[in-house]
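Note sheet for the following structure.
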Amino acid sequence: MTEPPTARKGRPRSAEADRAILAATRAALAELGWGGLTMGDVATRAGVAKTTLYRRWPSKNELVVDAVAVLFDELAMADLGSLRADIEAVVRQFAGLLAQPESQAALLALFAEASRDPALRLRVRESIIDPQKELVRLGRAAAQARGELAADTSPEAACEDIDIIFDTIAGAVEHRMLVSGEPASPAWISRFTTLLLTPLTS
């Protein structure tokens with residue numbers, strides 16, 4: 001039997017405080033880098049007590065992953081009526097996210113640190129990568145329902161296909177914008193989509 005609201009112990013989490021803390025984390029990460037970021041600095045920037053911060057996020061790893069993961073929550077796979085339109089839409093969203101200097105700095109710092117920390121790499125996979133693969137699954141299922149893609153032959157093959165498609169899209173956009181420093185222009189997105197679709201639909 002659940003307790004009535006009047007019997008709850010402790011203070012409820014504040015969504016506004018959470019947003020302030022995560023925004024402060026990204027700002028500190030962009031300004032100071034991974035090594036310079038401290039929980040105390042984040043608390044000061046967000047205007048909260050350190051105890052409040054540690055109650056929500058026991059470690060810097062968890063805090064930074066959540067601060068980056070929340071950015072990706074804004075991405076969505078809209079069913080626009082064709083696989084091409086769906087892919088171009090999600091690539092535009094992703095490119096728009098990566099075009100923000102704060103997002104670039106946060107991602108580069110997080111990925112660099114994760115390459116040296118297996119536990120952090122696992123948390124990045126679970127909190128950021130795996131949820132975003134759901135967009136690929138949804139877009140693929142919609143294309144199959146429209147008859148644009150063949151039905152799955154096995155769950156294992158479907159999972160492998162989703163992994164490869166996600167890696168191709170995320171890798172290409174991140175490399176172009178974060179490594180090469182080039183914009184993902186509408187013309188580039190259109191050409192990229194054409195190249196991606198050729199083996200998928202042939």
Inset, instruction - Kindly express, to the nearest 10 degrees and within the range 0 to 90, the angle between helix 83-98's C-alpha long axis and the longest C-alpha principal axis of the chain. - result: 30
Inset, instruction - Using just the helices of the chain, give the 222 nm mean residue ellipticity in deg cm²/dmol: DSSP H runs with n ≥ 4 each add -39,500 (n - 2.57), and the total is spread over all residues, rounded to 500. - result: -22000 deg cm²/dmol
Legend entry - Three-way shape call for the range 22-87 based on the alpha-carbon gyration tensor, with the a/c threshold at 1.5: prolate
Legend entry - the chain: angle of helix 130-145 to the longest principal axis, Cα-based, in degrees nearest 10: 30
Legend entry - Tensor-based shape of the chain (alpha-carbon gyration tensor, a/c under 1.5 rounded, otherwise prolate or oblate): prolate
Legend entry - Globularity ratio of the range 120-177, using Cα Rg and 2.2 N^0.38 Å: 1.24
Inset, instruction - Send over a whole-number figure in Å² for the accessible area per residue of the range 69-202, probe 1.4 Å. - result: 53
Inset, instruction - Please find, in a Gaussian network model of the chain (springs between Cα atoms separated by less than 10 Å), the residue of Q93, Q144, Q104 whose mean-square fluctuation is greatest. - result: Q144
Legend entry - Dipole moment magnitude, nearest 20 debye, the range 62-202 about Cα centre, only Lys, Arg, Asp, Glu C-beta charged: 400
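The values are calculated or read from the model by the stated rules, or taken from the named source; none is laboratory data. Predicted model, so just to flag it, every value in this text is computed and none were measured. With ideal geometry, Cβ positions are generated from the backbone for all residues, glycine too; neighbour counts draw on all protein chains shown. Only protein heavy atoms, including side chains, enter the accessible area calculation; ligands, DNA and RNA are left aside. Shrake-Rupley method; radii C 1.70, N 1.55, O 1.52, S 1.80 Å.
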